[in-house]
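Below you'll find the structure, written out as structure tokens, and then a few comments.
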Amino acid sequence: MLIAVAGRFSDDERGRWMDALRAALPQAQWCDVQDPPAREAEFAVVANPPPGSLQGLPRLRFVQSLWAGVDRLLADPTVPSHLPIARMVDPAMNRAMAETALWATLSLHRGFPAYARQQAGCHWRQLPQRRADEVSVAVLGTGQMGAAVARTLAGQGYVVTGWRRGADGSKTPSPLSAAVDIVHVPIVTGPAALPTLLSSSDVVINLLPLTPDTRGLLNAARFAQMRRGASLINLARGAHVVDEDLLAALDSGQVGHAVLDVFNLEPLPADHPYWTHPCVTVLPHVAAQTDPRSAAQVVADNLLRVQRGEVPLHLVRRDRGY
Ligand code: NDP
């Protein structure tokens with residue numbers, strides 16, 4: 001099995017990935033996508049490769065992404081539309097995402113950003129203490145990540161409601177959304193349900209994929225629909241948010257606080273207003289990092305499935321963009 005590797009890695013990262021991948025698939029041969037042997041490769045393992053990276057691989061029949069989000073790969077017009085692409089789904093990442101969402105929600109619920117601002121001004125003031133069951137949380141997107149987040153927050157006593165595309169947009173609802181239903185988290189579907197959900201939530205957590213339908217979804221109109229002073233936690237993609245609209249909503253107090261892990265431009269430029277805004281918490285895209293220690297085995301299992309002639313897991317549906 002010859003596998004071409006394409007991606008934007010630092011040397012350190014590449015070394016960690018290659019060690020883990022070689023250990024998980026000792027029988028495979030690996031080459032860089034730019035090396036001449038790659039022309040013979042039937043498999044590619046990719047991590048946000050620069051556009052055009054997969055051109056000139058005539059025998060390629062399967063692409064496995066190391067990252068969960070494949071929006072950049074799908075936006076590359078040189079990737080043949082018939083080529084099956086699987087994205088990374090690793091339970092360890094889902095757990096990491098749930099931890100980040102729990103930390104951010106708990107922090108907002110208990111007013112820790114406000115206490116940090118008070119500390120900066122040596123200001124002693126006790127805020128009212130709410131119970132978790134007095135805090136309603138909307139989870140936008142109840143797929144792999146959103147389902148884990150919804151389950152974790154519901155388990156902590158928060159009043160959680162999920163939002164997904166559902167039957168109006170998709171003939172085959174994702175099985176993981178059904179798994180959320182099992183723990184009695186109500187799920188609402190489709191664009192018509194969003195305004196009511198936003199207006200009844202104290203915390204809105206974005207875990208949608210970036211598609212033509214969801215790009216710029218979190219804009220002035222959506223912020224106006226939110227409950228005044230409610231918070232936004234964006235753990236999905238920067239391009240879901242219209243930055244100027246969010247800054248205006250934060251300045252006016254319509255949005256009380258934003259925890260942002262992802263940005264339109266990454267790394268976030270040093271002069272971006274988010275860095276210094278008193279109502280913004282910035283994380284450097286670390287909500288759920290892909291961990292080679294567990295993800296390499298996910299890659300190996302999927303490549304072996306394809307080699308055995310089985311259908312790979314977690315194929316991206318090009319028609320819906322995720
Ligand atoms: P999934 O593909 O598993 O789930 C997507 C969910 O979004 C599904 O519930 C789907 O609905 C719903 N959805 C899609 N389009 C719409 C729409 N137009 N309206 C309403 N709901 C919609 O994605 P993941 O959970 O794996 O990933 C979620 C996000 O997290 C992605 O943006 C990914 O890039 C990001 N991510 C961020 C990381 C970080 O460190 N910050 C790490 C990993 C991922 P349905 O169930 O009906 O199909």
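A few comments on the model shown:
- Single unsatisfied condition, residue 81 versus (1) at pLDDT 95 or above; (2) among the small types (Gly, Ala, Ser); (3) more than 12 Å from the ligand (Cβ to nearest atom): (1)
- The one condition in (1) within 16 Å of the ligand (Cβ to nearest atom); (2) within 20 Å of residue 216 (Cβ to Cβ); (3) open to solvent by 60 Å² or more (accessible area, probe 1.4 Å) that residue 263 fails to fulfil: (3)
- Taking the conditions (1) out of contact with any His (no Cβ under 6 Å at 6 or more places or on another chain); (2) farther than 20 Å from residue 302 by Cβ in turn, residue 113 satisfies each one other than (1).
- Qualifying position, being at pLDDT 95 or above, open to solvent by 30 Å² or more (accessible area, probe 1.4 Å) and under 23 Å from residue 100 (Cα atoms), among 149, 159: 159
- Residue pairs meeting the criteria (Cβ under 8 Å; at least 6 apart or on separate chains; first under 23 Å from residue 205 (Cβ atoms), in region 272-301; second more than 11 Å from the ligand (Cβ to nearest atom) and basic (Lys, Arg)): 278/117
- Count of residues meeting criterion [touching a residue at least 40 places away in the same chain (Cβ under 8 Å) and more than 20 Å from residue 4 (Cα to Cα)] in region 302-313: 0
- Extreme residue, surrounded by the fewest Cβ atoms within 10 Å (Cβ to Cβ), among residues of region 304-320 that are in a loop (DSSP other than H, G, I, E, B) and basic (Lys, Arg): 308
- Any hit, region 92-103, residues being among the hydrophobic types (A, V, I, L, M, F, W, C) and in a loop (DSSP other than H, G, I, E, B): no
The values are calculated or read from the model by the stated rules, or taken from the named source; none is laboratory data. Not measured: the values here are computed from a predicted model. No Cβ is skipped: glycine too gets one built from the backbone with ideal geometry, and neighbour counts run over all protein chains shown. Only protein heavy atoms, including side chains, enter the accessible area calculation; ligands, DNA and RNA are left aside. Shrake-Rupley method; radii C 1.70, N 1.55, O 1.52, S 1.80 Å.
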